[in-house]
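Trainee: Have a look at this one before I ask anything.
Every number here is computed from the coordinates shown, using simple stated rules; none is lab data. What you are looking at is a predicted structure, and each value in this text was computed from that prediction instead of being measured. Glycine gets a Cβ as well: all are built from the backbone with ideal geometry, and neighbour counts include every protein chain shown.
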Amino acid sequence: MSSKQLINEQPWRRPWWQYSEGNGAVLLYIVAIHSLALLGLVLFPLPSLRVAAMAVAVAWIGGVGTTVCYHRCLSHRALRLNRVIESILIFFTIFNASGEPISWVANHRHHHAKADTEEDVSSPRHGGFWWAHIRWVYQWSGSEVRRWCPDLDKPRYRFWRHAQIPIIALSIFGWLALGWEAFFWIGAIRLVYALHFQMFVNSLLHMTPGLPEGVDSSRNIWWLGPLQFGAWGENWHRNHHADANAARFGRRWWQIDLGWLVIRALVAMRLATDVRPVKEILIDNRRKATSASIAHSTGYLVNESE
């Protein structure tokens, strides 16, 4: 669907249950995992430490995949990942039910290009909290790949579109091998938790009141970070919108950014390269380079005159 079609159709005005063409399975998935999660909470209100630790660990890796791989690497090209690491992170991001990379990146780049206008695919400005939080996922037919991410329209990324359904099925049902408690807690309950705390980036972090259309509504919310596990750092959303191509989202020493710490570790192991600094550092580096160049040229001329 193009931006013009989005404005004309205004899908946020539809009844909440009316999915867009081809997205019936997405709505069914959302209803199914919420139903399973509620049942699991009734049957197993408190998980064992072993099961809880496994659920957090899997959610953590999926969160890292979302923030480091999908968001910073693929969407904004803020760094380059080793292909094996990239594939591992894509797998666990899909395992966390965050979607396959091509559609995710297309929607995200579209969001940045049209932020807080009627053409923004996930803005709460027009559709409200629930549109931005969850409804757009199944009521919006998706951003155009050819327009927003032709660089990812390659076999190595298209593969994940075909692999998505079996990976998600494994993510839900594979835990039956460890018993019913694991099935509910590491499966549906984890997936519901991961879904909502990632979707707060689209909804809660874009709900600065009193702003006119087209004015960036992104904001930072400190307390959201620890609840996002591996995606901790996405809560500094205002920082990100102010400098979207930087690999680091935290700007102050107290703004914890786990995604940035993972990137630093990958760089140390030579598994990540071409990391883009924040604007201030980039400008400062250019200024120093220019000064050094001028100093070198001046020194050369002085020596030549001698």
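Trainee: Average projected area of the Cα convex hull of the stretch 72-212, in nm²?
Mentor: Across all orientations, the stretch 72-212 yields a mean hull projection of 9.6 nm².
Trainee: Let me know the Kirkwood hydrodynamic radius for the stretch 87-165, please, with Cα pairs as the basis and the value in Å to one decimal.
Mentor: One over the average 1/r among Cα pairs gives 13.3 Å for the stretch 87-165.
Trainee: Using the 2.2 N^0.38 Å rule of thumb for compact globular proteins, work out how the chain stacks up: its C-alpha Rg over that value, please.
Mentor: 1.12
Trainee: Just want the ordering: Cys73, Cys149, from fewest to most Cβ atoms lying within 10 Å of their own Cβ.
Mentor: Ranked by crowding around the Cβ, least crowded first: Cys149, Cys73.
Trainee: If you average 1/r over all unlike Cα pairs in the stretch 127-274 and invert the result, what Kirkwood radius do you get in angstrom?
Mentor: Value: 18.1 Å, from the Cα pair sum.
Trainee: Still on this model: Kindly provide the helix-only [θ] at 222 nm of the chain, computed as the sum of -39,500 (n - 2.57) over DSSP H runs of four or more divided by all residues, to the nearest 500 deg cm²/dmol?
Mentor: -16000 deg cm²/dmol
Trainee: Shifting gears a bit: Of Ala78, Leu38, Phe91, which is farthest towards the positive pole of the stretch 3-275's charge dipole, taken about the Cα centre with +1 and -1 on the beta-carbons of Lys, Arg and Asp, Glu respectively?
Mentor: Ala78
Trainee: List the residue ranges in the chain for DSSP H helices whose C-alpha atoms run 20 angstrom or more along the long axis and whose Kyte-Doolittle average is -1.0 or above.
Mentor: In the chain, the long hydrophobic H runs are 24-43, 49-64, 155-173, 279-305.
Trainee: Charges at C-beta only: +1 for Lys and Arg, -1 for Asp and Glu. How large is the resulting dipole of the chain about its Cα centre, in Debye rounded to 20?
Mentor: The calculation lands at about 300 debye.
Trainee: Which order do Thr66, Thr208 fall in if you start with the one that has the fewest other Cβ atoms within 10 Å?
Mentor: Ascending number of Cβ neighbours within 10 Å: Thr208, Thr66.
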